[in-house]
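Working notes for the structure below.
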Amino acid sequence: MYRKVLDMKDFYLMPKFFQVIKSYTKKQFISDLAAGVIVAIIALPLSIALALASGVEPACGVYTAIAAGFIVSLFGGSRIQIAGPTAAFATIVAGVVATQGMDGLFIATVMAGILLILMGVLKLGSLIRFMPHPITVGFTGGIAVTILFGQIKDFFGITYAEGVRPIETIEKIEANIEHFSTFSVEALIIGLISLAILIIYPKLEKRVPPSLIAVIVGALAVGLIPALGENVYTIGDLYTIPTGLPKVDFASMDFSTEKIIAVIPNAVTIAILAAIESLLSCVVADNMIKTDGTPEKHNSNVELVAQGLGNIASVFFGGIPATGAIARTSANAKNGGRTPVAGMVHALILLLVLLFLMPYAALIPMPTIAAILFMVAYNMSEWKSFVGIAKTKKFTDIILLFVTFALTVIFDLVVAIAVGVGIKIVFVIIEKLTKKNEK
């Protein structure tokens, strides 16, 4: 069976793993092993933070990094892609969970996975590049803003009145203003210390991920200083940290026709976003592992199939939607990862953490999680691209940028992408009709 797979070298959906494994060496394994361990260290606090930003239990982020990370590396079309939970999905996942529950998220993600597989099988990978750049920059910037405002509460230690559970960004802003008088000085101190570490530490030392240092320092401060420990919430204060492998309760899920129909728009959005983010990450990865000045070439259709399989595997393992993570993929390349084995190692290391060290996640202060997500929001905001488009004299690009950005913040990603694409189609039609009349 294994040899038959290797012999199908011209098959258009051949995963990279089966291409590179034929000439794999012990030296490369050592390099991939080191890279995988480092990426796992980076991924752990990020996965927990992104799970909380998505409105789910902290362990769900780790489940996602394990299942999707391993499957996408094994069946993907890139040598070094690292998959897992990303900030791009945080707002849409939070919205689905709030309105349709975890069973709604399960259904939407499985449907999205099937759509991604079909996109790959039908060779639609190259079509993703036709998504207008102002739309991707607009909704990416909008997601960054929603994440930032969503973490104000934990960063300042604000306490909401009983029954206040804001979902939309505007509702969160209103709730934060209304309850700001409840903010905790101790929480703010931990948040500022964590944020300072995240900003300053990388300028001094690059070998250890700053998020890990922030988590350790924050946990030690809250644990060793009584005044902080009494007034700063930790993950363990608000969530239950499970031990062992996840247990998904399928029996309690609602798989009714009404539920399936209700989440179709979310499923389409998850699929489109996963495709855009993962293929963008692949392009970045290709340019980071050049051979004699020539970039590596990923297979976009294979990657889409892998992303589909990875998302399905993720929710069956208790996780949430996943896609290629540019920051973790870049870290993989910078630390010597050159084959999918590094991504598989990263997933296995996280599995060991899940089995033996996960209870320690309960010690992480919520302001530290908020600080990490502040940095995630800043790094994904693409503010330079945003400003660059805003300064252009191309009216259509400016409209697409600001409309998509505003709708993402005020409503959600589903509305933003649908309206943005609709406006682009109208602009294209008007442009063609104008040229036709000029002739």
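The values are calculated or read from the model by the stated rules, or taken from the named source; none is laboratory data. The model shown is predicted, which means the values in this text are computed figures rather than measured ones. Every residue, glycine as well, gets a Cβ built from its backbone with ideal geometry; the counts of neighbours run over all protein chains shown. Quick note on the areas: whole protein, heavy atoms, side chains included, nothing else; ligands and nucleic acids left out. Shrake-Rupley method; radii C 1.70, N 1.55, O 1.52, S 1.80 Å.
Annotations
- Sorted peptide list for 41-54, 237-250, criterion being average Cβ within 10 angstrom, highest first: 41-54, 237-250
- Charge dipole (Cα centre; +1 on Lys/Arg Cβ, -1 on Asp/Glu Cβ; no other charges) of region 77-180 amounts to roughly 660 debye.
- Relative counts (whole %) of C-alpha pair distances in region 83-156, using bins that are 5 Å wide: 3, 13, 15, 20, 23, 16, 7, 3, 1, 0
- Sequentially through region 193-210, phi angles give Karplus couplings (6.51, -1.76, 1.60; θ = phi - 60°) of 4, 4, 5, 4, 4, 5, 8, 8, 4, x, 7, 9, 8, 10, 6, 9, x, x Hz, Gly and Pro residues having no value and appearing as x.
- Mean Cα-pair separation over length for the chain, i.e. relative contact order, pairs under 8 Å, 6 or more apart, %: 35
- Size estimate for region 251-294 follows the Kirkwood approach: the inverse of mean 1/r over distinct Cα pairs works out to 13.4 Å.
- Relative packing of peptides 222-229, 428-435 - highest average C-beta neighbours within 10 Å first: 222-229, 428-435
- Note on the chain: with neighbouring protein chains present and a 1.4 Å probe, carbon and sulfur make up 67 percent of its accessible heavy-atom surface.
- If R0 is taken as 51 Å, the Cβ-Cβ distance between Asn379 and Phe11 corresponds to a FRET efficiency of 0.90.
- Solvent accessible area, Å² - His298, 1.4 Å probe, full protein context: 50
- Using all pairs of distinct alpha-carbon atoms, the Kirkwood hydrodynamic radius of the chain works out to 22.4 angstrom.
- Positive dipole terminus of region 166-205, leading residue within Ala187, Leu204, Ala175 (C-beta point charges): Leu204
- About its Cα centre, the dipole of the chain is roughly 2060 debye, where the only charges are +1 on Lys and Arg Cβ and -1 on Asp and Glu Cβ.
- Highest to lowest packing among 77-83, 202-208, scored as the average C-beta count within 10 Å: 77-83, 202-208
- Under-5 Å amide H pairs with Gly157, H placed in peptide plane, nonlocal only: Ser184
- The local environment of Ala35, defined by Cβ-Cβ distances under 9 Å, has a net charge of +1 under the rule Lys, Arg +1 and Asp, Glu -1.
- Residues whose amide H comes within less than 5 Å of that of Thr234, counting only those at least five positions distant or on another chain, are Met366 (H built at 1.01 Å from N in the peptide plane).
- The coefficient of translational diffusion for region 230-325, derived via Stokes-Einstein from the alpha carbon Kirkwood radius under 25 °C and 0.890 mPa s, stands at 147 µm²/s.
- The alpha carbon centroids of region 263-303 and region 335-353 are separated by 19 Å.
- In the full protein context, the chain carries 47 Å² of accessible surface per residue, based on a 1.4 Å probe and ignoring ligands, DNA and RNA.
- Rounded to whole numbers, the Karplus 3J(HN,Hα) couplings from phi for region 161-168 are 5, 4, x, 8, 9, x, 10, 6 Hz, using 6.51 cos²θ - 1.76 cosθ + 1.60 with θ = phi - 60°, and x at Gly and Pro.
- Divide the volume of the convex hull around the Cα atoms of region 1-117 by the residue count and you get 119 Å³ per residue.
- Between Asn231 and Ser126, the simple spin-label model (points 7 angstrom out along Cα→Cβ) gives 6.2 nm.
- Over region 288-439, the Kirkwood radius and the radius of gyration, each from Cα atoms, give a ratio Rg/Rh of 1.06.
- Full-stretch length increase - Phe402, Ile261 - with 0.36 nm per residue and alpha-carbon distance subtracted: 47.7 nm
- Phi-derived couplings, Karplus 6.51 cos²θ - 1.76 cosθ + 1.60 at θ = phi - 60°, listed residue by residue for region 18-26: 6, 7, 7, 5, 5, 10, 6, 10, 5 Hz, with x used for Gly and Pro.
- Label-point separation, Ala34 to Thr243 (7 Å along Cα→Cβ), nm: 3.5
- Amide H contacts of Thr323 (H built 1.01 Å from N, under 5 Å, at least 5 apart or other chain): Gly84, Thr86
- Which of Ile410, Leu433, Ala390, positive extreme of dipole for region 343-433 (C-beta unit charges): Leu433
- Cα centroids of region 153-167 and region 11-36: 47 Å apart.
- Fully extended contour minus Cα-Cα distance, from Val421 to Ala196, at 0.36 nm per residue: 77.1 nm
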